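A short write-up of the structure that comes next.
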Amino acid sequence: MDVRSARLLEYPLIRDRLAAATNFPPSRRLAEAMEPSSDAIIVRRLLDETDQTRAFLSGRPEVGVGGARDIGPAIGRADRGGRLDPGELLAIGETLVAASRLGDALRPVELPRLHELSRLIVALPAVRDRLLLSIDPSGEILDSASPALGGLRRAVRIAYERLRSRLEQLVHGSELGSALQEPIVTLRNGRYVIPVRADAKGRVKGIVHDQSGSGQTLFVEPLIAVELGNAWREAQLAATAEEERILDELSSLVALHAGQLRDTLDALARFDLWAARARLAEEMDAIRATESDGAIVLLSARHPGLSGRVVPIDITLGEEFRALVITGPNTGGKTVALRTVGLLCLMHQSGLHVPAAEGSRLPILQDVFADIGDEQSVAQSLSTFSGHLRSIVRIVEATGPGCLVLLDELGAGTDPTEGSALAQALLDRFIRLGALVVATTHYAELKVYAHETPEARNASVEFDLETLSPTYRLTIGLPGTSQAFAIAERLGLDQALVDDARGRLTRAQQDFERTLAAIKESQQEMDEARETARVAEARAVEARHAAEEERRRARAERAEAAATAREEAERAVAAIHEEIAQARALLARQTLTESRLDEAMARLEERLAAIPTATHGPETPPDPGTWQVGQRAATRSGWVGTISTIDAPKGRATLAVGQARTEVDIADLVSASAADAARLGAALPGRSARPERPGTGRRGELEPAVPPRSPAGRPARPGTSSGRTPERRVVPSTLDLRGARVDEALEMLESTLDRAATAGAGRITIVHGHGSGALRDAVRATLAKHPLVSDWRPGEKGEGGDGATIVTV
């Protein structure tokens, strides 16, 4: 990548921010050496590293390289045979501790880049433990570093105490008297001495090691303390020799594992660099841009160097056009837009996330070239135009397919006519070379060029004339104006001068400016309308999602209620079987009297009434395709049989019960399980065993699912006719309308009220739920005017609350 262009685009500032986010020198050096790559494989790998580390740290923010030190120089010196000091050995031990923690955290991770990195971390536990058992946290060699060191150090302390004690006795006794300058013991040249007055040196026998600056005091080691001093010094030398041997041994241990230590240090540095990239991405609220096939699409992009309230911009380049010409007033944000595009491309190709919105796409560019700023130089006799041109010459020679070229104030600094012509020629050349180009200008000729050239587009930065400040918003598709006259008026320039200046514009220029202003106004109106439509669509989608969720919840509640009812029905059927078995036993013993038969039938009726058919709620009729020939089914009118034929297009089916056949609506079919339970009452011994009269229902003919009842409400006696006794049907005690539409719910309510009135049911419960309240209001409005309803009230606590209505029929 072009180094000079990267500097103009402020890439070094990003590199510095990344280096500041690292935690120790090796990773900081890696950050400072970061460069964008044009190799797609390398860029993808770098972005994967940032992605995976960011995902990992979002759940484990405490993981890092805390405690690691820059041990590279120490490893090198040990590898060359040098002796390491205790501080360096301690740093290596602490770094191995940090490596062990990081390795343990990364090995279970399934993210491939991090797992691969964990395999490079070698914690060397034996080396780590040896170092930490030999060096204390303050960097001193521990007595436990070797078996001999502790004893040697004790010998030093004993020799020192003996020497010191003897000298203290000497200076504080009466033996020397007034010969001492002061009664103290001090150290000179590594030997303990006492201060003796020069005029009394003959009174103290010993070795003179030093004298004061005035010559009045001599520092003498008394002869009686020389042997003790020698013993102390010899003990010191022995301990020092053992310490040096230990350091040599530990240094050799480090040298033996130098390669693994370097690999571990490199892995720590790489992880810390990846973590720094992840932290920088979080700090900038950045995303990984999707890799594109040559197009730049930046949504809500922000320059990472700006602070405070930053206005994001949208930029598209390389799909329908390859050149973008940005125009507008000075300080309007043209150069910032230029730098934003270039810098975000360089960041992307360095493995960094970019501060933009999801959906942004960036290509892998071969190079990025920029000519931004004033290149004039008095020393080199370069004008502004010459400086720009020298830079452009270099860019033209190096540009090719897959490059991005950023040109600020293209063609400026010379005659406007010639400058604009040169600018158009340059844009044509870059387009033919296959490069992407973004240029800023004030030339009207370039606005026309971008409008008429298929491979180019105009863009503009907006300016608020009321506040004389830029809005920094970028609009693609419309050229901008410099607003020179408007700004001059706002700043107080004589109106006559401004009018005179306007009058000097050609008619074509005036028409162009008026047309441009009209187009901008129309564009703003369209943008406002589009935003209003977007908000309305978002609200509609939200409402649809809420309705779907309510429907899903109602279906789930209905399914749960149906499952509960099915379980209760199965228990009731089992109880009926038990009653039948008891009746058969009584019949076998010839003890089944009429009264006992009546009692058994009454119990069966109670069991049948307990089957919770109403708790199924408003069942949605099965899809015709779900019924199959041979499947048992029942009709809502009470007939139970086997499906023999199905005519799905007409919605009809033939139901067979023994030898008989009947044609019914498929929508009228329900599960046969509840009907089977009701039929068990009719199967008691003594009822089916007796001869049946015509019309009472022999086996093989259509039979009602519920046994006929006598006018007194008791089961019909065997042999009696059921033709004159109206069928008493089991009426649900609860009607569940949740999940049904209002029209469906009212139809089911009407049917249930009719059946309840016919059967003489006193009270039923209507379950409509809370929801929006529409279903509840419709139900209660119907009940209020229904002729079969004598009274109704909302449910109380324990009855469903306001989600249910209690009806007296």
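Amide H to amide H under 5 Å from Thr734: which residues, 5+ apart in sequence or cross-chain, H placed 1.01 Å off N in plane?
Correct list: Ala614, Thr765.
What percent does the relative contact order of region 103-170 come to when contacts are Cα pairs within less than 8 Å and at least six residues apart?
Across region 103-170, relative contact order equals 14 percent.
Expected output is a single nm value to one decimal: the length gained when fully extending between Asp285 and Leu433, i.e. 0.36 nm times separation in residues minus the C-alpha distance. What is it? Mind dumping the intermediate values first?
Working: separation 148, 0.36 × 148 = 53.28 nm, distance 3.55 nm.
Stretched fully, the Asp285-Leu433 segment lengthens by 49.7 nm.
If I stretch the segment between Ala784 and Thr240 completely, what's the gain in nm (0.36 nm per residue apart, minus their alpha carbon distance), one decimal?
So the chain would gain 185.1 nm between Ala784 and Thr240.
Could you calculate the FRET efficiency of Ala198 with Arg164 from 1/(1 + (r/R0)^6), where r is the beta carbon distance between them and R0 is 25 Å, rounded to 0.05?
E(calc), rounded to 0.05, equals 0.50.
Mind listing which GluC sites (Glu not before Pro) in region 23-73 are in a DSSP loop and have 10 or fewer other Cβ atoms within 10 Å?
Glu62
Using a 1.4 Å probe on the protein chains only, how many percent of the accessible area of region 318-446 belongs to carbon and sulfur?
C and S fraction of accessible area: 52 percent.
Which whole-number value in Å² is the accessible area per residue of region 414-455, probe 1.4 Å?
Details: 1930 Å² over 42 residues.
Computed with neighbouring chains in place, this is 46 Å² per residue.
What FRET efficiency would be calculated for the residue pair Val535, Glu744, taking the C-beta separation as r and a Förster radius of 45 Å, to the nearest 0.05?
0.85
With the other protein chains left in place, how much accessible area per residue, in square angstrom, belongs to region 34-127 at a 1.4 angstrom probe?
Per residue, region 34-127 has an accessible area of 45 Å².
Non-local amide H neighbours of Arg652 (under 5 Å, H modeled in plane, Pro and chain starts lacking H): which ones?
Result for Arg652 returns Asp647, Ile666.
Give the long-range amide H neighbours of Tyr472: residues separated by 5 or more places, or on another chain, with amide H under 5 Å away, using H modelled in the peptide plane at 1.01 Å from N.
Those qualifying (amide H under 5 Å, at least 5 residues apart or on another chain) are Glu462.
What is the percent carbon and sulfur in the accessible area of region 104-252, measuring with a 1.4 Å probe over the protein chains and ignoring ligands?
Here it works out to 53 percent.
If R₀ is 30 angstrom, what is the calculated FRET efficiency for the pair Ile42 and Ile476, using the beta carbon separation as r and rounding to 0.05?
So, using R0 = 30 Å, E works out to roughly 0.40.
Return the whole-Å distance between the Cα centroid of region 136-171 and the Cα centroid of region 434-462.
Using only Cα atoms to place each centre, the spacing works out to 84 Å.
Between Ser144 and Arg262, 0.36 nm times their residue separation minus their Cα-Cα distance comes to what?
On the way: separation 118, 0.36 × 118 = 42.48 nm, distance 2.79 nm.
Separation in residues times 0.36 nm, less the Cα-Cα distance, equals 39.7 nm.
Need the list of lysines near Lys447 for cross-linking: C-alpha distance under 29 angstrom, and skip anything on the same chain fewer than eight residues off.
Qualifying lysines at Cα under 29 Å: Lys334, Lys520.
Calculate, for region 301-374, the solvent-accessible area per residue in square angstrom, rolling a 1.4 angstrom probe over the heavy atoms of the protein chains.
In whole numbers, region 301-374 has 31 Å² accessible per residue.
State the Cα centre-to-centre distance between region 60-100 and region 204-232 in whole Å.
45 Å
State, to one decimal in nm, how far the label point of Thr645 lies from the label point of Leu13, with both points 7 Å from Cα in the Cβ direction.
So the two model labels end up 8.5 nm from each other.
The values are calculated or read from the model by the stated rules, or taken from the named source; none is laboratory data. A quick note: this is a predicted structure, and the numbers were derived from the prediction, not measured. Ideal geometry is used to build each Cβ from the backbone, glycine not excepted, and the neighbour counts take in all protein chains shown. Areas reflect the complete protein model, heavy atoms only, side chains present, ligands, DNA and RNA absent. Shrake-Rupley method; radii C 1.70, N 1.55, O 1.52, S 1.80 Å.
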